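Worksheet: one structure, shown below.
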Amino acid sequence: MSASEALHVRAATPDDVPRLYDFIVELAVYEREPDAVTGTPEMLAEALFGPRPTAEALVAEVDGEVVGSAVFHGTFSTWECLPGIWLEDLYVPERHRRLGAGYALLSRLAGLALERGYPRVEWCALDWNELALGFYKRLGAERMSDWQMHRLEGPALERVASGEARARQ
């Protein structure tokens, strides 16, 4: 990267929503789940910049071009009784990799956690994504192999909410 291609990380703005949404779709394709994206750019804008934001985003730029993003939100540790950051998506398109954007985004996110007094940043990675897993390992991130992620959605979420799931036990 030349001096004219200075990498810069900043907080996303409403003008970044179309690019952020494009990155979300690209990441879903990369993760072999292209049909899983059911949200819209309008929903993303509301989540990031509406009256009650539920998420935040950072973007990495080179010469004014957005080359990567990190979308994140808060967590809470009952053991530490402190909030943290959950990194939902870290994405740098293949054509922009090796510029240091992924590291710069994670570095800024770690800095935000420390500035806010948070003890941790957490995320998940697919077990087949060796490129990402290797990157995280080189950073010194601890792989939490003893913990298994769980999700309730769709009909299962509805059954549990209605109390029907208890009857199945």
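The values are calculated or read from the model by the stated rules, or taken from the named source; none is laboratory data. Keep in mind the model is a prediction, meaning the values are calculated, not measured. Using ideal geometry, Cβ is built from the backbone for each residue, glycine included, and neighbour counts are taken over all protein chains shown.
Identify the residue in region 24-60 that is among the β-branched types (Val, Ile, Thr) and within 19 Å of residue 12 (Cβ to Cβ) and, among all such residues, is farthest from the chain's Cα centre (by Cα).
40
Cβ-Cβ below 6 Å, separation at least six or inter-chain, first residue in region 83-109 and more than 17 Å from residue 8 (Cα to Cα), second of a type in the set (Lys, Arg): which pairs?
What qualifies is 84/120.
Pick out, from region 114-169, the helices (runs of 4 or more DSSP H) lying fully within it that include 2 or more residues that are over 22 Å from residue 38 (Cβ atoms).
130-139, 164-167
Restricting attention to region 95-119, which residues are closer than 13 Å to residue 62 by Cα and either touching a helix residue (DSSP H, G or I) at 6+ places or on another chain (Cβ under 9 Å) or not hydrophobic (A, V, I, L, M, F, W, C) (or both)?
95, 96, 97, 98, 99, 100, 102
Just to be sure, is residue 42 closer than 16 Å to residue 104 by Cβ, modelled with pLDDT of 95 or more, surrounded by fewer than 12 Cβ atoms within 10 Å (Cβ to Cβ) and out of contact with any His (no Cβ under 6 Å at 6 or more places or on another chain)?
No: the conditions fail for residue 42.
So which residues in region 129-167 are of a type in the set (Phe, Trp, Tyr) and surrounded by 10 or more Cβ atoms within 10 Å (Cβ to Cβ), if there are any at all?
135, 136
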